[in-house]
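I have placed the structure first, in the form of structure tokens, so that the comments after it can refer back to it.
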Amino acid sequence: MRILILCTGNSCRSQMAHGFLQSFNKELTVCSAGTAASGKLNEEAVTAMAEAEIDISHYTSDPVDIYLGQEWDYVITVCGGANESCPAFIGKVKHRLHIGFDDPSHAIGTTEFIKSEFIRVRDEIRARFYEFYIQRILPTINEE
């Protein structure tokens, strides 16, 4: 099972979704990329995931172009920008989904508030991607 998760910058939400999905099943091939990849991970996202006992610090922020020629079971966008500018994977994608989340990197306020936004979005990503895994991936794996 091959899953590509897309966001605009590939520094936060897509990386967290990648980490959670991979933690649900190590045998999945999960990649994440950005339509305008920033080239680095958001440190707040790395910290929020570490607090959930998932290490994404070694992940890389990659441009979507490197994955265009590959076949995917799922391509999932996690932000509106990526959903709108998602390149066509003509004939290469079995399922294309959008599971959107707020961007915690745009949070403004105290350090505590910003941290709470990363935690809120992290927990939403975990819940929605676990639901996706249970409803879409697990039944497919059990059929094999």
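The values are calculated or read from the model by the stated rules, or taken from the named source; none is laboratory data. Being a predicted model, the structure only gives us computed values, none of them experimental. No Cβ is skipped: glycine too gets one built from the backbone with ideal geometry, and neighbour counts run over all protein chains shown.
Looking at this structure, is PHE118 surrounded by fewer than 18 Cβ atoms within 10 Å (Cβ to Cβ), under 14 Å from GLU44 (Cβ atoms), at pLDDT 95 or above and aromatic (Phe, Trp, Tyr)?
no
Per-residue answers, yes or no, for (1) modelled with pLDDT under 90; (2) hydroxyl-bearing (Ser, Thr, Tyr):
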residue	(1), (2)
GLY81	yes, no
SER105	no, yes
ILE108	no, no
PHE129	no, no
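Of all residues being closer than 19 Å to THR8 by Cα and of a type in the set (A, V, I, L, M) in the stretch 50-71, which is modelled with the highest pLDDT? Just the residue, please.
Restricting to residues being closer than 19 Å to THR8 by Cα and of a type in the set (A, V, I, L, M), the top hit is ILE56.
Quick one: count up the residues across the stretch 1-56 that are out of contact with any helix residue (DSSP H, G or I) (no Cβ under 8 Å at 6 or more places or on another chain), surrounded by fewer than 16 Cβ atoms within 10 Å (Cβ to Cβ) and in a helix (DSSP H, G or I).
2
Going through the stretch 45-62 one residue at a time, which ones are touching a residue at least 40 places away in the same chain (Cβ under 8 Å) and of a type outside the set (Asp, Glu)? Break it down into steps so the answer makes sense when it comes.
Step one: of the stretch 45-62, the residues touching a residue at least 40 places away in the same chain (Cβ under 8 Å) are 45, 47-49, 51-52, 56, 59, 61-62.
Scanning the stretch 45-62 gives ALA45, THR47, ALA48, MET49, ALA52, ILE56, TYR59, SER61.
Only residues in the stretch 131-144 that are closer than 15 Å to ARG96 by Cα count as the first member; pair them with residues that are acidic (Asp, Glu), Cβ under 9 angstrom, at least 6 apart or cross-chain, and list the lot.
Matching pairs, first to second residue: ILE137/ASP73.
Checking PHE24 against (1) of a type in the set (A, V, I, L, M, F, W, C); (2) in contact (Cβ under 8 Å) with a residue 60 or more places away in the chain; (3) closer than 17 Å to HIS98 by Cβ, which single condition isn't satisfied?
With (1) of a type in the set (A, V, I, L, M, F, W, C); (2) in contact (Cβ under 8 Å) with a residue 60 or more places away in the chain; (3) closer than 17 Å to HIS98 by Cβ applied to PHE24, the lone miss is (3).
Filter the stretch 60-70 down to the residues that are assigned to a loop (DSSP other than H, G, I, E, B) and out of contact with any strand residue (DSSP E or B) (no Cβ under 7 Å at 6 or more places or on another chain), then identify the one that is nearest to PHE20 (Cα to Cα).
The residue in question is THR60.
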